[in-house]
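What follows is a short report on a single structure.
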Amino acid sequence: MSTASEALAAFTAAYGTEPAGLWAAPGRVNLIGEHTDYNDGFVLPFALPQRTVAAVGPSPDGTWSVSSTLAPEPVTFGVTEPGEVTGWGAYVAGVVWALRDAGFEPPAVRIAIASEVPLGSGLSSSAALESAVLTALIDLGGLDVPLERRPAIAQRAENLYVGAPTGILDQSASIRCEAGRALFLDCRSYAIEQIPFDLAAAGLAILVINSNAPHQHVDGEYGARRKSCEESAAILGVPALRDVGVDELPAALDRLGDDVLRKRTRHIVTENQRVLDTVALLRAGKVREIGPLLTASHDSMRDDFEITVAQVDVAVQAALAAGAYGARMTGGGFGGCVLALIDADRAEVTADAVAAAYTEHGFTAPTSWVAVAGPGAGKI
Ligand code: GLA
């Protein structure tokens, strides 16, 4: 059954009636630009074809209800404040709250969710959920919320209602990406450029390898990285690390006495430059040439930002040894997925090489697939 049919069936099962429509929003892969978003920097994600679908219809009594294929018993709530709805329903209650907080009147609806975005794999399943619900509420309520304002509303739901201190990467990708393009986003101004990203035409592919590594200490470590970056910016007297250029890096590192702050700062400053360099190469049609930048990004995440784990390091090494042009962990870190830029006909060989390396190390088997850039959130 397709995800859309699953959402439809879940709606009918939960509420005994048909929905008004179906809205979908994708998970994402970040091609490059990791942890740069909350430093006002640059990111370059593309949308996955895997989506979260929300079947949505009007509520008879002014409350909101949400159920899913994983949790069929609906969670029901009225107008709430952060903290009142917990668990997975908080992502939905958070979107309703954030819309109201931004001065809009979201309609009361009943929602049923089905998703094919793998949970807990660093592919933004939570942003996909927020974005599908947000888009449905905006459409059904006829709310005048321009596309460029939407990611920040979904981000506020996640930051202030769910309580996760994430940046704007995931929601921007889920809402603003276009099929066949990578989204070059300036996380300070929210300016975007849709970068042509037709890998097949270049005889290439992106293999996504889910390390299936258990996430550990994710929230605390994420918050700690963010704090270090803010501390460094304060010491350097800049609003954010985005304001330090690579040419200013040696002097900046001299001023940061602490070794940990130096490493975190070096990652962010060099990563921002790698995004800009990747964009320049893609604009020039030099897709294969971005490979070394991807690998350099991984090395920087491993050595300076210290957010990788053995499973993702082994996947990167094995993919490179199998001939990938570049490979890196994608997403927040401490597990999750690796992406590898490969010749289009090398997907199986590369996936097998990574799986063999995992067997050798005694890791749980990885899951791999070729990812093609899909569309952003919308009605289906
Ligand atoms: C998570 C967060 C994003 C971003 C990435 C790292 O996915 O939700 O805001 O910080 O980690 O690039």
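Each 5 Å bin from zero holds the following percent of Cα-Cα pairs in region 59-102: 5, 23, 33, 24, 13, 2, 0. Scalar couplings 3J(HN,Hα) for region 140-152, obtained by applying the Karplus form with A = 6.51, B = -1.76, C = 1.60 to θ = phi - 60°, are 5, x, x, 7, 8, 10, x, 3, 5, 8, 5, x, 5 Hz; x denotes Gly and Pro. Normalised by the number of residues in region 89-207, the mean separation of alpha-carbon contacts (under 8 Å, six or more apart) gives a relative contact order of 24 percent. Per-residue Karplus couplings for region 278-284, computed as 6.51 cos²θ - 1.76 cosθ + 1.60 with θ equal to phi - 60°, are listed in order as 5, 4, 4, 5, 5, 4, 8 Hz, Gly and Pro entered as x. With a Cα-only, solvent-free Debye model of region 139-222, what are the log10 I(q)/I(0) values at q = 0.11, 0.17, 0.19 Å⁻¹? After summing over all Cα pairs, the log10 values are -0.46, -0.95, -1.05. For region 88-246, the dipole from Cβ point charges (+1 on Lys and Arg, -1 on Asp and Glu) about the Cα centre works out to 140 debye, to the nearest 20. Rounding to the nearest 20 debye, state how big the charge dipole of region 167-326 is about its Cα centre with +1 on each Lys and Arg Cβ and -1 on each Asp and Glu Cβ. So the magnitude is around 260 debye.
Rounded to a whole number, what % of the accessible area of the chain do carbon and sulfur atoms account for, probe 1.4 Å?
Accessible surface attributable to carbon and sulfur in the chain totals 52 percent.
Of the peptides 337-343, 24-30, 356-362, the order by per-residue mean of other Cβ atoms within 10 Å, starting with the highest, comes out as 24-30, 337-343, 356-362. If you wrap the Cα atoms of the chain in a convex hull and average its projected area over all directions, you get 18.4 nm². Under the classification rounded if a/c is under 1.5, otherwise prolate if a/b is larger than b/c and oblate if not, where does region 75-179 fall, given a ≥ b ≥ c as square roots of the Cα gyration tensor eigenvalues? It comes out rounded by the Cα gyration axes.
Using R0 = 35 Å, the C-beta based FRET efficiency linking Glu105 and Ala234 works out to 0.35. Basic side chains Lys and Arg get +1 at the Cβ, acidic Asp and Glu get -1 at the Cβ, and with that the dipole of the chain about its Cα centre reaches some 340 debye. Solvent-accessible surface of region 84-167, averaged per residue with a 1.4 angstrom probe and all protein chains in place: 34 square angstrom.
Among Val79, Val66, the order of accessible area from largest down is Val79, Val66, computed with a 1.4 Å probe on protein heavy atoms. Using the Cα gyration tensor of region 209-368, with a ≥ b ≥ c the square roots of its eigenvalues, what is the shape: rounded (a/c below 1.5), prolate (a/b larger than b/c) or oblate (neither)? Judged from the Cα gyration tensor, region 209-368 comes out oblate (a/c at least 1.5, b/c at or above a/b). Does region 291-361 come out rounded, prolate or oblate by the C-alpha gyration tensor, with a ≥ b ≥ c the root eigenvalues, rounded set by a/c under 1.5 and, if not, prolate when a/b is larger than b/c and oblate if not? Judged from the Cα gyration tensor, region 291-361 comes out oblate (a/c at least 1.5, b/c at or above a/b).
The values are calculated or read from the model by the stated rules, or taken from the named source; none is laboratory data. Because the structure is predicted, anything quoted here is derived from the model rather than measured. Heads up, the Cβs are rebuilt from the backbone with ideal geometry, glycines too, and the neighbour counts pull from every protein chain shown. The protein model used for the area step is the full one, side chains on, heavy atoms only, and it has no ligands, DNA or RNA in it. Shrake-Rupley method; radii C 1.70, N 1.55, O 1.52, S 1.80 Å.
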